[in-house]
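Right, one structure below, let's go through it.
Only the coordinates and a few stated rules stand behind these numbers; no lab work does. Being a predicted model, the structure only gives us computed values, none of them experimental. Cβ atoms come from the backbone with ideal geometry, glycine included; neighbour counts cover every protein chain shown.
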Amino acid sequence: MHRRQFLATGAAASIGGVLPNFNFIEERSTKDNARHFSPILEPIDASSGFKEFHLFVDLVQHEIVPGVSIHTLAFNGTIPGPEIRVNEGDRVRVHFENRTGLNHTIHWHGLHVPWRMDGVPYMTQLPVMPDQTFVYEFDARPYGTHIYHCHWGTMLHMQAGMYGAIIVDPAEGQTDPIQNVFPYEREYTLVYSSHDTNFIRNELNIMLERMKERRFLMQNGRFEKERFGLFADIDDLKSAMAKGYHPPYTTRRRTSADLPDPNFFTINGKSYPETPRLMIREGENIRVRLINAGASAHSLHLHGTDFWVVADDGYPLPNPRRMNTILLAPGKTHDIIIPGDNPGIWAFHDHDTRRATNNGVYPGGTLTALVYEDLPYMDRMAMPGMAEMQEHDPAAQMENASMEMDGLTHLPFISLDQ
Amino acid sequence: MKAPLRYMENYTRLIFAIALVCSVDSSTAQEFLPELRLGAMGVVSGNIGLADKKTASAVSDFSDSSVLLGARQQLFGSYRAQFVVGFQFPDAESQLGQVFYHHLFVKLSNQRNVFQIGRSRLDSNLMEFPTLRDDDALSYTDAQSPFSDGQNSEDTQFGNLVQFGRYLTKRIRLDLHGEYYSETRRREESFELNTAGLTIGYRVPESQRWNRHRLDQLVFGLEGFFSKDDPDASLVREVLPNAKLGVAINLRPDPVHFWRLVHQTIISFGADDVQEINTYLDATRARSLASFTSIEYVRRRLERPDYRISVGGGVRIFTNLDKNSGQFIMVGNFFRRIGAKFDVGVQGIFEHSYGDMSFRLPSNSFRINIGFIYAIEHVFNNQFDDRDSILNLEHGYIN
């Protein structure tokens, strides 16, 4: 036995012997894991009869995985934006401040807001232009897991990070209908998205340059509505064309190669190995809110056990369905309950493995794991007992190679090789 | 037995060769396809010339039409590598053949540093002027190469280059460069250097034009031609320095009515012994001042150019000759955009030469070009941003 192996084995043995069920590694992992979930947005004021929130959008640098940073848009500096939690029936007021040089709105996807608050530019409101603040007011309903996202330049702005979760909890004093059936204490929100980082970069550059020109003309009262391709009706459009206006689809063309072709797939803004893990203990249920804020569908499969699908688009299902794979289409939300009935470390991944890649290279993307915090320590060791096996079986040396690698003491590893 | 052995030996070599090729292929299969950039410009014109009451015409002049192909990729560190090859169609009677490879270089660059080696546009000028072709006013816009026989403009514009550039700020760049101007006068080509210089310039990146700065560019350059053994001039080594100053001012940086002025002055310090001009070489070695100024108006409609009108004028004065000598030029043009990056236009040029400069040039000449310009550029497999993008300039640089 080599000295390093001896020390590793000895350390493991002593910790295992003295602290047989103390999960210090998982405590560290759990704390570290917390940063992979969006912060809850605190109300700025609740005395006015409204739950008031402040949301701003800015242009930031965001690291998807170590070594890959992009310029992108972000609500309150995070991707996804902060999680908004309200109770059903709350009166909600959101002050939305635009700190970018681009136009934006917020659409409250799945909420039954007044139509003027729906966030569709030129259909329900004017865009929120640079340095402007728009106030959204609505009653929080219905109950469930929903999304908020920008609805201006949606093809770019959503994949560029302008999305987040808005959770409508039961009204004050009422119990959660899902919790009544599946008692749970912990829940996780996983917001999926897909990103063509090249498309994001190029489009942001074009938009930013164009908006500088437009802002100058607006400030001087010389802005022509044709610059936004904005017309009162078809006759207005035809009239503009007769005067020399060319609709963008007549002078430009995006081939399939030019359309967004995602090269990074994220959960809560991060790709594997930075994806959040689902921590669980034997015997407990955890609720996982699955949100697809991207444009790619995800076929999510859990190893080792089944889960219960308990809500669809926020609505509790009267007859929860037991599954191990669920299709999460763009714009959909599903709530699932995972029972802690099979201790271990289990992969939870998109079964369309093209979405388990970073820049097309596997593994990556939305790969993550269900991790039992209370897994016995020796079960979590990388190769338990391999050192002893090597004493008697030289053939075990190949498998034992991982013991030679510094730092590989517990599962799950981060593995980046195909 | 030797024959089968030889057969086996050759067979083994073949297998080894195949294995090598396959291993190379498989090892590169997962690496990035470089970013590819294709650029092309077609300049076609019909020309009518009148020089000292003699007319000349060209029905189809496609000189200066060019093609550029570039590949670019991220290196393992912060640097990016670029390889560019390009060719253009030179002027008739240029003696450069059907095509001329005007670009062929490798460039390494990161946020601050740029290293470039190969053939490229030389620092014989600092500014670009709104003329139909780059060489329409070459005597006024470029320092004249003493190594050229004067048969073509490419000798002055393109050559072999070694350059190190350093961005002192996002807009100020210092360049140290050594060049080899083609020595067509001596019918020699070499990979050595015959020129060296430095350039420092303030330039507002194109992506920030709607920040609407008045001062767009301010550039200063120093350059020295190192003339070697020269049988024609009976000289053994001399340095012919020149200094250049260029400025571009956005007179009215308006997105609809855009006015811009560009000016450049070149002082060629020349050689003291040149007091009359009898040959092209004398003209390049004589002490002179060349200046060119243009004013252009661009009418933009719904975020694309509609038409452009520009007028420009230049003078070239020789200050150390026995006879008062020089030349001046007036250029005016109008271009209308009739399709994406497709322009049609007309240009008129009047040029007057006097004193010793009339030895090879007509006293008065007038030329009209009616032509089309079609410029295309496309990037395939784009995978990273440019240093001068708005995102990198205004929202933090990303390697």
Show the residue pairs meeting these rules: Cβ distance below 8 Å; 6+ apart or different chains; first residue within segment B:56-74 and in a loop (DSSP other than H, G, I, E, B); second residue aliphatic (A, V, I, L, M) and surrounded by 18 or more Cβ atoms within 10 Å (Cβ to Cβ).
B:62/B:43; B:63/B:43; B:64/B:43; B:65/B:43
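Please find, within segment B:345-399, the residue that is farthest from the other protein chains (Cβ to nearest Cβ) out of those that are hydroxyl-bearing (Ser, Thr, Tyr) and part of a strand (DSSP E or B).
Per the criteria, the residue is B:354.
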Would you be able to tell me the number of residues in segment A:322-342 that are touching a Lys or Arg at 6+ places or on another chain (Cβ under 9 Å) and within 25 Å of residue A:162 (Cβ to Cβ)?
3
Among the candidates B:290, B:271, single out the residue that is among the small types (Gly, Ala, Ser) and without any contact (Cβ under 8 Å) to a residue 40 or more places away in the chain.
B:271
Which of the residues belonging to segment A:274-305 are more than 19 Å from residue A:344 (Cα to Cα) and more than 10 Å from the chain's Cα centre (by Cα)?
A:274, A:289, A:295, A:296, A:297, A:298, A:299
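Restrict the check to segment A:246-267 and report whether at least one residue is charged (D, E, K, R), more than 30 Å from residue A:305 (Cα to Cα) and away from chain B (no Cβ under 14 Å). So that I can check it myself, show each step before the final result.
Our first condition is that a residue be charged (D, E, K, R); within segment A:246-267, this holds for A:252-254, A:258, A:261.
Cutting the leftovers down to more than 30 Å from residue A:305 (Cα to Cα) gives us A:252-254, A:258, A:261.
Okay, now just the ones that are also away from chain B (no Cβ under 14 Å), so none.
No, because not a single residue in segment A:246-267 is charged (D, E, K, R), more than 30 Å from residue A:305 (Cα to Cα) and away from chain B (no Cβ under 14 Å).
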Selection from segment A:237-280 of residues that are over 30 Å from residue A:81 (Cβ atoms) and surrounded by 13 or more Cβ atoms within 10 Å (Cβ to Cβ)
A:237, A:239, A:240, A:241, A:245, A:246, A:247
Return the residues of segment A:202-245 that are among the small types (Gly, Ala, Ser) and at the interface with another protein chain (Cβ under 9 Å from one of its Cβ atoms); say none if nothing qualifies.
A:244
Counting just the residues of segment B:273-317 that are acidic (Asp, Glu) and within 14 Å of another protein chain (Cβ to nearest Cβ), which one comes out nearest to residue B:359 (Cα to Cα)?
B:306
Complete set of residues in segment A:68-95 that are at the interface with another protein chain (Cβ under 10 Å from one of its Cβ atoms) and of a type outside the set (A, V, I, L, M):
A:69, A:71, A:72
